[in-house]
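The next block holds one structure in the form of structure tokens; read it before the comments.
The values are calculated or read from the model by the stated rules, or taken from the named source; none is laboratory data. Bear in mind the structure is a predicted one, so any value in this text is a computation, not a measurement. A quick note on method: Cβ atoms are made from the backbone with ideal geometry, for glycine too, and the neighbour counts reach across all protein chains shown.
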Amino acid sequence: MASSNNSNKSVVPEAKEALNKFKYEVASEVGVNLKQGYNGDLSSRDAGRIGGQMVRKLIQQAENQMK
């Protein structure tokens, strides 16, 4: 039976814009030229660098809030 939950659905729509902005900031930090719109020509390695750095920063932020 198919699940009725859509994992791509934003629980907080405002968060989508904030995460998108965060993604571009991180891409700039790691030296990946991310452009508005289509980025299908982006290598898996570069996409992983962006995603990995985003996760590291989010974990660090969460750890700092727990202190």
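Quick look at the values:
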quantity	calculated
Of residues in the range 8-32 being among the hydroxyl-bearing types (Ser, Thr, Tyr) and modelled with pLDDT of 95 or more, the one surrounded by the fewest Cβ atoms within 10 Å (Cβ to Cβ)	28
The range 33-58 - residue that is small (Gly, Ala, Ser) and not in a helix (DSSP H, G or I) and, of those, modelled with the highest pLDDT	43
